[in-house]
Number of protein chains: 2
Amino acid sequence: MARLALSQEDKQVRDWFKKTTEALGCKVTVDAMGNMFAVRPGRRGDVPPTFVGSHLDTQPTGGRYDGILGVCAGIEMLKVLEEKGIETEGGVGVVNWTNEEGARFPKSMVSSGVWAECIPLATAHSLLEVPTVASLPSAASSPDSMKSALEKINYLGTVPCSYTAMPMAAHFELHIEQGPHLINAGQRVGVVTAVQASRWYRINVTGRDCHTGSTSFEHRADALYASAKMMIRAREIAQKLGCLASVGIVDVKPGSVNTVPGFVSFSLDIRGPESENVNVLDKELRKEFELIAAEEGKNIGKPCRVEWQLDVDSPAITFHPDCIECVTEATMAVVSDSPNPESMYRTIRSGAGHDSVYTSKRVPTSMVFVPCKDGVSHHPEEFSTPEECVDGASVILQAVVRYDRKRFSK
Amino acid sequence: MARLALSQEDKQVRDWFKKTTEALGCKVTVDAMGNMFAVRPGRRGDVPPTFVGSHLDTQPTGGRYDGILGVCAGIEMLKVLEEKGIETEGGVGVVNWTNEEGARFPKSMVSSGVWAECIPLATAHSLLEVPTVASLPSAASSPDSMKSALEKINYLGTVPCSYTAMPMAAHFELHIEQGPHLINAGQRVGVVTAVQASRWYRINVTGRDCHTGSTSFEHRADALYASAKMMIRAREIAQKLGCLASVGIVDVKPGSVNTVPGFVSFSLDIRGPESENVNVLDKELRKEFELIAAEEGKNIGKPCRVEWQLDVDSPAITFHPDCIECVTEATMAVVSDSPNPESMYRTIRSGAGHDSVYTSKRVPTSMVFVPCKDGVSHHPEEFSTPEECVDGASVILQAVVRYDRKRFSK
């Protein structure tokens, strides 16, 4: 699946989302980041709706569940409410957040970030598409800005992108798990209580170009050799600290077989269970990268230089107890058909970021995970059975209805 | 300097080369690879000319001497012969070889290779430009073939590219040194007697894409991590064997900050003084790369796989004794104004490949090196003083005249 944010494929699924939810009696609002809010009215029009949300964009070589499952579960919720003629006290809605993956425009969860007023609208609008996303031929020669891409597919809305202009009572999100935890334990539902901390960096290493055939190793300041060492050390240190460190993008200049690269730029994604773990990892890596850079090229008096640019800083998040309670109760009801219901679910911490991270900064939020094969996501092999998807959708539906009752019974 | 082969900049310098050499009384022939042969007739029309040759293309971030110096020295030779009214017995010529660098079309010395009938014309014509050469906007979305690029700048000649269609008596080439040997020793001229062996590979490493935030290191088959380890090991082993190993191009897929790369393709350039050294290095690297690939991903039963593709195989070359003799005699004449002439030159082995490698397979060939600052090439800092350039041009002129006399006095 390759449905990059704001591509023609994304436009198609957006048009489908609008048509489908309108046919279910919803009013659809599009904001200045292209976020789509489909709202089914409740008895009371003076209170914000409770939302189910996720995203419809994918990685360049993504799967069929990451993101889409959460939006489809929201639509399924709307269908069930219609079919059963259920009225809620407050409205209920489904939201499709734009560019959650950060694959085409390199800031993940950027549009829920703008909605939460954590990222300025201008910053988001001026993000340029990543040149390595080869499926978009424009990317290399004249990268599109996010604003221009929104305009091109006619999804630059006039409503401000903000939690004050589009308020929510709460935000629930269903997602496939992204490590083989539930699947290996034979469990049906994960009640997500927290999200680990993460930071995204761009690391620039500068050395000196030289000829591969006639420059001895002692006379080189090879930016790629230094970068390769940094990649190896990053994993070693992250492992030691119980964290993760990953490199996903590498640009090598000048990019010729017989020229030793004088410049390398690579992405670095570091994560840890708590913000403090990531702080410690960050400090150790900076020290180690400096040492590696200083070593390469010292013989010619031109040691490599390393620069860090912080692109995303996402501290650890704890979800809202009211939402967690609703999800837990809904889960217990759903798994009650198992012989051992108590062993069929667990609380879990999310390794990945989600739009729920940003919504949780403004409104009560929590998430639901369902098992997926081998815990693989961001890959075509991503797979959850129909039964696993039904479990998740049932939990989301019931959690929203419970939350609706709870908020007006207080 | 960025004058990539068959770019608009290359067309400009080619037009200049044609106009300039024609004004000096030469006939210019363009062959099917765009090689340009400017010939000044000698007394006899029934024998092949003696050529001075090099190339006018550069690396993406190249310097002002690599290649161009050799062609300009040839033109200077033509000027001096004209000015002094010197007639040669056989003709003398200057050749500009196409795409020597292999920077835009990834096969270096490809056009002298076709001329020597070591590379099939069809293979060369169908070479596609490298997408990472960012200065050509077409490269990423719809890469040009070499034949199409030749047509576009009107340099697809009708004369067959072959040593039989365009015969030479001998080939001499002046080049800047590409390691700090002459410059550090305070010497003026290098008499090049041999060229080290080299091989270019494309290494493809396949693992599995997965999410950076939720996949533990044990559950990864990270193609980039494995590749980084290979890059480090390649240098260690090459160093141990007295050889060189270098990586200049890296493509990482899918290329997203939060996806662990499932595929990496990188160039590997290995060199050694003799062909046998390169054989040994090749064997050791294959063994080591297999081990590294097998280790990464073994926990999930999906170890990385590594594939080798040989793009260029250039065995070690020894130049022709007649040419070496002419260059040595010319050098002794040129440096005779030094207080200690004998210490002003040395014999030297070329670390880099040159068009002279291919010409040497068909006709007597040798090369001349002059010092350059820090031995740096393939970089804007590349620099030789005017005096150093004059030394080289004087040696080339005298070597050609001596060779012309020698061949007819036998």
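Each copy carries residue B:299; placing its label point 7 Å along the C-beta direction from Cα gives inter-copy distances of 3.7 nm, listed from smallest up. With label points defined 7 Å past Cα in the direction of Cβ, position residue A:343 shows copy-to-copy spacings of 8.8 nm, given to one decimal and shortest first. Taking the 1.4 Å solvent-accessible surface of the stretch B:197-314 as the whole, the part contributed by carbon and sulfur is 49%. Here the Kirkwood formula puts the hydrodynamic radius of the stretch B:9-130 at 15.0 Å, using every distinct Cα pair.
Say a label goes 7 Å from Cα toward Cβ at residue A:409 in every copy; what distances in nm does this one have to the rest, shortest first? Those label-point separations list as 11.3 nm. Calculated on the alpha-carbon coordinates, the convex hull of the stretch B:232-349 measures out at 168 cubic angstrom per residue. The H on the amide N of residue B:372, modeled in the peptide plane, is under 5 Å from the matching H of B:177, B:183, each at least 5 residues off or on a different chain. Centre-to-centre separation between the Cα atoms of the stretch B:1-65 and those of the stretch A:287-358: 59 Å.
Taking the square root of 5 times each eigenvalue of the Cα gyration tensor, what semi-axes in Å does the equivalent ellipsoid of the stretch B:103-241 have, largest first?
Working: eigenvalues 276, 148, 42 Å².
Over the Cα atoms of the stretch B:103-241, the semi-axes work out to 37, 27, 14 Å.
Across the stretch A:167-216, the fraction of Cα-Cα pairs farther apart than 12 Å, rounded to a whole number, is 81%. A 1.4 Å probe run over the protein chains yields, for chain B, 36 Å² of accessible area per residue, whole-number rounding.
When only C-alpha pairs under 8 Å and at least 6 residues apart count, what is the relative contact order of chain A, in percent?
22
Beyond 18 Å in Cα-Cα separation lie the following of the pairs B:11/B:361; B:27/B:79; B:253/B:287: B:11/B:361; B:253/B:287.
Please give the per residue volume of the convex hull enclosing the alpha carbon atoms of the stretch A:337-410, rounded to a whole number of Å³. Spell out each step's value before the answer.
Numbers: hull volume 10.3 nm³, N = 74.
For the stretch A:337-410, the hull spanned by Cα atoms encloses 139 Å³ per residue.
Got a sec? Which residues in the stretch B:37-57 would a label at residue B:164 touch, if it sits 7 Å along Cα→Cβ and we count backbone N under 17 Å? Output list for this probe position: B:48. Near residue B:210, the amide H atoms lying under 5 Å from its own belong to B:260; only residues 5 or more places off or on other chains count, and H is placed 1.01 Å from N. Across peptide A:374-385, the average count of Cβ atoms from other chains found within 10 Å of a residue's Cβ is 5. Interface between chains B and A: roughly 5900 Å² of accessible area buried, both sides summed (probe 1.4 Å, protein heavy atoms only). Entry for the stretch A:187-291 at q = 0.09, 0.17 Å⁻¹: log10 I(q)/I(0) = -0.31, -0.80, Debye formula applied to identical alpha-carbon scatterers, no solvent contribution. Using the average count of surrounding beta-carbon atoms within 10 Å as a protection proxy, the listed peptides A:175-184, B:174-183 rank, highest first, as B:174-183, A:175-184.
Peptide B:53-59 shows a mean partner chain C-beta count of 1 within 10 Å per residue C-beta. Measuring r between the beta carbons of residue B:291 and residue B:381 and using R0 = 56 Å, the FRET efficiency lands at 0.90.
What translational diffusion coefficient, in µm²/s and rounded to a whole number, does the Stokes-Einstein relation yield for the stretch A:217-272 at 20 °C and a viscosity of 1.002 mPa s, taking the hydrodynamic radius as the Kirkwood radius over Cα pairs?
Details: Rh = 12.3 Å.
Translational diffusion coefficient: 174 µm²/s.
Could you tell me what a quarter of the Cα convex hull surface of chain B works out to, in nm² with one decimal place?
21.0
Each label point was placed 7 Å from the Cα along the Cα-to-Cβ direction; for residue B:232 and residue B:343 their separation is 4.5 nm.
The mean number of Cβ atoms from other chains found within 10 Å of a Cβ in peptide A:201-209 is 2, as a whole number.
Might you report the magnitude of the Cβ-based charge dipole of the stretch B:197-314 about its Cα centre, with Lys and Arg at +1 and Asp and Glu at -1, to the nearest 20 debye? Numbers along the way, then the final one.
Numbers: 16 positive and 17 negative charges, 47 e Å.
So the magnitude is around 220 debye.
Given in Å, the Rg to one decimal and the Dmax to the nearest whole number for the Cα atoms of the stretch A:281-410 are 22.4, 74.
In the protein assembly as shown, the inverse of the mean reciprocal separation of distinct Cα atoms equals 29.5 Å; this is its Kirkwood hydrodynamic radius.
The values are calculated or read from the model by the stated rules, or taken from the named source; none is laboratory data. These numbers were taken from a predicted model, which means no experiment stands behind them. Backbone-built Cβ (ideal geometry, glycine too); neighbour counts: all protein chains shown. Only protein heavy atoms, including side chains, enter the accessible area calculation; ligands, DNA and RNA are left aside. Shrake-Rupley method; radii C 1.70, N 1.55, O 1.52, S 1.80 Å.
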